[in-house]
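Pasting in a structure now, in structure tokens, and then I'll have a few things to ask.
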Amino acid sequence: MQANQLIALLQEHDLYRGTTTALAANTDFTALGYDSRKMTAHGLFVCKGKAFSPDYLKQAIDLGATAYLAEQDYHVAVPGILVSDVRKALSLTAQLFFGFPQNDLFLIGYTGTKGKTTSTYFTHNILNQAFPGQVAMFSTINHVIGTQPQDTFKAHLTTAESFDLFHEMRQAVDNGMKVLVMEVASQAYLVHRVYGLHFDVGIFLNISPDHIGVNEHPTFANYLLCKQQLMLNADRCIINADMDHFDAVYSAAKVSTDPDKIFTYGVDNPQASLSLHTQDATLTDSTFTVTANQPALKSLAATYHVSVPGDFNQGNATAAILASFLAGAHTADMQDGLAHTRVPGRMESLATQHHGTVYIDYAHDWGSMNALLHFLHTQFPDHRITAVLGSTGDKGEDRREGFAKALNAYADQAVLTTDDPGHEDPRAIAQEIDDRIDHDKVTTTYIAKREDAIHHAIAHATNDDLIVLAGKGEDAYQKVNGVNTPYPSDPVVAKHVIATLEA
Ligand SMILES: CC(=O)N[C@H]1[C@@H](OP(=O)(O)OP(=O)(O)OC[C@H]2O[C@@H](n3ccc(=O)[nH]c3=O)[C@H](O)[C@@H]2O)O[C@H](CO)[C@@H](O)[C@@H]1O[C@H](C)C(=O)N[C@@H](C)C(=O)N[C@H](CCC(=O)O)C(=O)O
Ligand SMILES: Nc1ncnc2c1ncn2[C@@H]1O[C@H](COP(=O)(O)OP(=O)(O)OP(=O)(O)O)[C@@H](O)[C@H]1O
């Protein structure tokens, strides 16, 4: 990447503010990075971040940086390229450096407060039926950039930093990937991780108050606005017609997209492009039918089976059906892909002989807990519901009240326990939930150690019980005082308890 190419791109986006000292137009950068510890020779170092220190720039220069990109002059021995917004500039620079890999991918992006990971997995599985070995995925759980074992690895964020995002896209393209399905967190728009990225399909699953706080969004309006950006940056849009704030999201989509390229879906909703209708729901899976209300979509009218329970997952599956259709998949691919998708830690069920059915689910805020308990309560009214849960420390304090609200509405028992307490006392967190519980409806117990809480809930259950282990999915750690303390994970603990009880 040459300095003059980069400056031209930054000028095009009105970000360029000059250089600190003379920089030869033909300076060639063979490395780019924002972490000083990883800088190499002939590199361009990007100075960004809340915790940035000028010492990082000095270290980057020692390791070979020949220039830096920043919002201010750091008065060092190498020239600086100054910009008005370094995060936007980082995204554009990464695109240029990695040769605009997005141009070689059919790009599908999911946003929503809930269901991003599940829908991304559904779509990945469907498209892998249609285009075997050519579908990349960036989810909160895993990234898949190729077909070899080393091409699948754990994610750090829901949406990676722009530099990492475009780097992995480059690798995916070089590995022969043709499609990428990814999660787009509202935070990604807030901090410009996807600045300048255009999606072939953008999907808006739902929105409810979450991620509002000091380190996230200042207000709900800002949260909604950030999520709406996906609609403004997508060729075709898919929107859940049943969600709150539908009109606002649809209006945003219309700003840049013709109505005939905006698709909607909803439950028993003849106004939506696709209407879904529950056919059958069991404790472990469900079947639904789709009716097409637009002639172009009529091939999608069919019956689909999903091996993940939960009515909300039928909505997620329908979004995936539409997205996959726009990517070129056929109905048979969708039926096959959906029937065989398992999402780690999301509505995973374990059947027991004498202790009911155990669900392991990542529900960790009011929206997800409410959707989950509402589904179990309405679908299986003859079963008693016991939830094992805590609430994370150091953030999302309003979740504690939300959990109590959902439990009061739909649960019979709660075993309050530890869930990533951070720097807080897990007992005090549990007490905050308990204080808001209506004890005429829900009986509560506090057991600090999560393993013991799970054992207690399953051991006391009969075959009429549904036990929900909420909040941690497959996490194999508890965040305590800033340290990820090893924890065997809910599925491992639950399987061990069941095996011991039923030996
Ligand atoms: C608020 C936010 O977006 N923070 C992210 C951001 O941090 P930052 O840019 O402020 O950087 P920083 O961590 O303060 O560090 C400063 C800079 O010094 C550099 N450094 C640091 C040490 C050193 O020795 N040398 C060096 O150069 C770092 O590489 C960095 O560039 O950039 C970092 C990577 O460059 C991210 O790891 C970090 O995410 C934090 C960890 C995070 O947890 N963010 C959450 C809020 C988040 O983004 N969540 C969403 C999901 C939310 C949702 O579901 O909607 C997500 O996408 O995961
Ligand atoms: N469409 C939906 N509506 C409401 N709740 C949902 C929906 N889809 C999934 N959930 C619930 O939310 C939990 C998280 O689901 P998933 O991981 O797919 O969402 P996400 O958007 O990636 O979440 P997060 O941003 O918290 O990582 C699930 O375990 C389930 O309880």
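Among the residues of segment 130-148, write down those that are within 23 Å of L326 (Cβ to Cβ), in contact (Cβ under 8 Å) with a residue 40 or more places away in the chain and hydrophobic (A, V, I, L, M, F, W, C).
Once the filter is applied, which keeps residues that are within 23 Å of L326 (Cβ to Cβ), in contact (Cβ under 8 Å) with a residue 40 or more places away in the chain and hydrophobic (A, V, I, L, M, F, W, C), segment 130-148 yields A130, F131, V135, A136, M137, F138.
Of all strands (runs of 3 or more DSSP E) completely enclosed by segment 111-204, which ones contain at least 2 residues that are buried (at least 23 other Cβ atoms within 10 Å of the Cβ) and within 16 Å of ligand 1 (Cβ to nearest atom)?
135-138, 179-183, 199-204
For (1) at pLDDT below 95; (2) surrounded by fewer than 23 Cβ atoms within 10 Å (Cβ to Cβ); (3) within 16 Å of ligand 1 (Cβ to nearest atom), each residue gets a yes or a no:
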position	(1), (2), (3)
N206	no, no, yes
I212	yes, yes, yes
T219	yes, yes, yes
C237	no, no, no
A241	no, yes, no
Y250	no, yes, no
I262	no, yes, no
S273	no, yes, no
T278	yes, yes, no
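State all residues of segment 70-108 that are over 34 Å from the mean Cα position of the chain (by Cα) and not in a loop (DSSP other than H, G, I, E, B); if no residue qualifies, say none.
G80
So, of the residues in segment 311-358 that are modelled with pLDDT of 95 or more, of a type in the set (G, A, S) and within 21 Å of T140 (Cα to Cα), which turns out to be surrounded by the fewest Cβ atoms within 10 Å (Cβ to Cβ)?
Among those residues, the one meeting the criterion is G337.
To continue, here is another question. Does at least one position in segment 284-291 carry a residue that is free of Cβ contacts under 8 Å to residues at least 12 places away in the same chain and either over 22 Å from D333 (Cβ atoms) or in the same structural domain as I203 (by TED's automatic domain parsing) (or both)?
The answer is no; no qualifying residue exists.
Yes/no matrix, rows are residues, columns are (1) touching a residue at least 40 places away in the same chain (Cβ under 8 Å); (2) among the aromatic types (F, W, Y); (3) in contact with a helix residue (DSSP H, G or I) (Cβ under 8 Å, 6 or more places away or on another chain):
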| residue | (1), (2), (3) |
| --- | --- |
| A252 | no, no, yes |
| I262 | no, no, yes |
| A272 | no, no, no |
| D280 | no, no, no |
| L322 | yes, no, yes |
| H330 | yes, no, yes |
| Q335 | no, no, no |
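Here are T357, T341, T352: which of them is over 17 Å from Y121 (Cβ atoms), more than 16 Å from ligand 1 (Cβ to nearest atom) and touching a helix residue (DSSP H, G or I) at 6+ places or on another chain (Cβ under 6 Å)?
Residue meeting the stated conditions: T352.
Can you tell me which condition L23 does not meet? The list is (1) over 19 Å from L165 (Cβ atoms); (2) exposed (fewer than 13 other Cβ atoms within 10 Å of the Cβ), and all the others hold.
Every condition holds for L23 apart from (2).
The values are calculated or read from the model by the stated rules, or taken from the named source; none is laboratory data. This structure is a prediction, so every number in the text was calculated from the model and none was measured. Cβ sites come from the backbone with ideal geometry, for glycine too, and all protein chains shown count toward neighbours.
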